[in-house]
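Trainee: This structure is in structure tokens; I'll ask about it shortly.
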Amino acid sequence: MTNTNLYRRKLMQFLSASPLLAGLPSYGAQRLDDRDYIAESADMAVNVFDMENVALRNWNQAHWTYISQGVDDELTLRANREGYQRLHLRARRLVDVSRVDYSTSLFGHALPSPIIMAPVGGLGMAHPDGDIEAARGLVQSGHKMIMSTAATFGIEQITQARGEPVWYQLYPTNVWEVTQGMLRRVEATGADVLFLTVDIPGRNQDRMRRYNQRKEPCNECHIPGTTFADKAMLQGLDVPNVMRGSNPAMDWDFVRRLRDSTNMKLVIKGITLPEDAELAVAAGIDGIHVSNHGGRAEESGYATIDSLPEVVEVVRGRIPVIVDGGIRRGTDVLKALALGADAVCIGRPYVWGLGAFGAQGVEKVFRILDNELGIAMQQAGTPTLADISRAALRA
Ligand SMILES: Cc1cc2nc3c(=O)[nH]c(=O)nc-3n(C[C@H](O)[C@H](O)[C@H](O)COP(=O)(O)O)c2cc1C
């Protein structure tokens, strides 16, 4: 060994034993990476994954499984996320992006940004005040909320917490009268947009079935043995024993009948194919929501961001198109808009915020994504939403 090498070795031995370096990361030792970062408050979360980290620690395993699972081998769940990672943005230079405006409008409503709260059932397992707390998180920013038929609380309480009518997601049940009773209750709150979810005539969720088999009571969020008929939105209605939460008999005749039974705007949630989008337009529907239920419906293994341009092509701007599934960054939102979406929904990210820090966590999630969208628009050289086109993406 040369003198120089010997000296280096001695120096390294001395340094590694020195208290001066104690606590500093070293090669081979575990470094403080994103997964170790635990935000102590909503303000300290820098991205939506920081919220996931905290929620993971707050929830029991059953709740975590309910939120995170997909279906079958979770190919679709993963595809939704990977779809965004495969798309590449083009960075334009020397465009004045000192002012960026991402406000927009949809179904006659002004939106602070194109990001909307997706309907998520059973939010009571994410936070004791569930949907009410989620609604509180949108009051300051003004983002739109779509509440679920499977919500933990009733629409009246949620509307009051939100401070304005919410949009309503419908699981139509298999009994027309029950569905109509629910719709009258929804209309009475001033809600004027209805999202009909059509993507779960049946599904296979292995991970949750394991828990259900154990029959462990989960008293934190619901009373054991409760069924869909016990959901808040079914209370006060005359519900026969044959009533079920899903309606696999649903077809386009049903959609037309539903459309004619309400003055609310009707959006179909769960479309992924162009031929179904074409039928939706023909049926006089007001909007299409491209969604595979966040990878919780069919196991196509196909990402919603890949379905989006196929749907947009046949819709040809006649009605608005919304997309969701796997959106975790402002850049994802920009990619969806570039491929023709008018707005996007987020599901799990705000549920993480809710589980981490309640309303403040929800509010921060929307602030993070809006902020990231603004930066992405600056990088793309697109100061307004109208400037965003396919040119923002590499072919
Ligand atoms: C735990 C959970 C419950 C959901 N419940 C509903 C529901 O009641 N009705 C519905 O239409 N979609 C429901 N969804 C789907 C969401 O509305 C949305 O399509 C999906 O979460 C978007 O994907 P993302 O979670 O990757 O953002 C649920 C999603 C999750 C994660």
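The values are calculated or read from the model by the stated rules, or taken from the named source; none is laboratory data. Quick caveat: nothing in here was measured; it's all calculated off a predicted structure. All Cβ positions, glycine included, derive from the backbone under ideal geometry; neighbour counts span all protein chains shown.
Trainee: Restricting the search to the stretch 134-154, which residues are more than 9 Å from the ligand (Cβ to nearest atom), within 16 Å of the chain's Cα centre (by Cα) and not hydrophobic (A, V, I, L, M, F, W, C)?
Mentor: Those that are more than 9 Å from the ligand (Cβ to nearest atom), within 16 Å of the chain's Cα centre (by Cα) and not hydrophobic (A, V, I, L, M, F, W, C): Gly137, His143, Lys144.
Trainee: Same structure again: Tell me, yes or no, whether the stretch 310-320 has at least one residue that is more than 11 Å from the ligand (Cβ to nearest atom) and assigned to a strand (DSSP E or B).
Mentor: no
Trainee: Sticking with this structure for a sec: Can you work out which of the residues in the stretch 32-71 that are without any contact (Cβ under 8 Å) to a residue 12 or more places away in the chain and of a type in the set (D, E, K, R) is nearest to Asn204 (Cα to Cα)?
Mentor: Asp36
Trainee: Ok, one more. From the set of residues in the stretch 161-176 that are more than 20 Å from Pro112 (Cα to Cα) and outside any loop (DSSP other than H, G, I, E, B), which is modelled with the lowest pLDDT?
Mentor: Here the answer is Trp176.
Trainee: Taking the residues in the stretch 234-266 that are within 16 Å of the ligand (Cβ to nearest atom) and in contact with a Pro (Cβ under 8 Å, 6 or more places away or on another chain) as candidates, determine which candidate is nearest to Val321 (Cα to Cα).
Mentor: So the residue we want is Leu258.
Trainee: Now a separate question. Looking at the stretch 177-203, which of its residues are more than 20 Å from Arg296 (Cβ to Cβ) and in a loop (DSSP other than H, G, I, E, B)?
Mentor: Correct list: Ala188, Thr189, Gly190, Ala191, Asp192.
Trainee: So which of Asp276, Asp260, Asp324 ends up being buried (at least 21 other Cβ atoms within 10 Å of the Cβ) and at pLDDT 95 or above?
Mentor: Just a single option satisfies the conditions, and that option is Asp324.
Trainee: Scan Leu75, Leu89 and give me the residue that is within 15 Å of the ligand (Cβ to nearest atom), of a type in the set (A, V, I, L, M), surrounded by fewer than 18 Cβ atoms within 10 Å (Cβ to Cβ) and over 30 Å from Gly163 (Cβ atoms).
Mentor: Matching residue, one of Leu75, Leu89: Leu75.
Trainee: In this structure, is Ser300 within 14 Å of the ligand (Cβ to nearest atom), hydroxyl-bearing (Ser, Thr, Tyr) and closer than 25 Å to Gln205 by Cα?
Mentor: No: the conditions fail for Ser300.
Trainee: Where the second residue is exposed (fewer than 14 other Cβ atoms within 10 Å of the Cβ) and the first is free of Cβ contacts under 8 Å to residues at least 60 places away in the same chain and lies in the stretch 251-278, which pairs have Cβ atoms under 8 Å and are six or more apart or on separate chains?
Mentor: Arg256/Gly284; Arg259/Gly284; Pro274/Glu313
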